[in-house]
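Nothing in this text is a laboratory measurement; each read-out follows from the coordinates by a stated rule. Given the structure is predicted, the values throughout are model-derived calculations rather than measurements. Note: ideal-geometry Cβ built from the backbone for every residue, glycine included; neighbour counts use all protein chains shown.
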């Protein structure tokens with residue numbers, strides 16, 4: 001039985017990825033498996049926020065930059081709250097919060113490698129902006 005899925009995004013720098021995900025997006029560093037010694041890359045990181053897990057890898061063959069991770073929130077108001085939090089932290093928003101025709105409120109940010117981190121929540125009746 002499948003319990004859950006964890007997106008693995010390719011990164012080119014563990015330092016830049018940790019600064020972005022943990023410093024700007026509010027994720028926590030769960031683990032790091034680095035090159036050792038004075039080199040940090042290649043590296044494999046695990047980060048989490050509110051129970052959502054992402055893995056980031058700078059190992060050759062672990063994906064390519066420019067991928068997408070979709071993180072689902074409980075309600076559309078949480079998308080706006082995340083937007084306000086991210087803007088206050090200086091995150092450049094790639095796609096501002098928008099109500100999509102498929103019934104989701106979504107916002108996108110790009111990480112330092114061009115991966116799209118998308119936050120989405122269902123729009124409930126009377127909740128459209």
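A few notes on this one:
- Evaluated against (1) under 14 Å from the mean Cα position of the chain (by Cα); (2) more than 15 Å from residue 121 (Cβ to Cβ), residue 95 falls short on exactly one condition, (2).
One line per residue, one yes/no per condition, for (1) part of a strand (DSSP E or B); (2) under 16 Å from the mean Cα position of the chain (by Cα); (3) surrounded by fewer than 19 Cβ atoms within 10 Å (Cβ to Cβ):
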residue: 53; (1), (2), (3): yes, yes, yes
residue: 64; (1), (2), (3): no, yes, yes
residue: 83; (1), (2), (3): no, yes, yes
residue: 106; (1), (2), (3): yes, yes, no
residue: 117; (1), (2), (3): yes, yes, no
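- Enumeration of residues in segment 26-39 that are surrounded by fewer than 17 Cβ atoms within 10 Å (Cβ to Cβ) and either over 23 Å from residue 93 (Cβ atoms) or touching a helix residue (DSSP H, G or I) at 6+ places or on another chain (Cβ under 6 Å) (or both): 29, 30, 31, 32, 33, 34, 35, 36, 37, 38, 39
- Residues in segment 40-95 that are in contact with a helix residue (DSSP H, G or I) (Cβ under 7 Å, 6 or more places away or on another chain), free of Cβ contacts under 8 Å to residues at least 40 places away in the same chain and farther than 16 Å from residue 27 by Cα: 40, 41, 43, 93.
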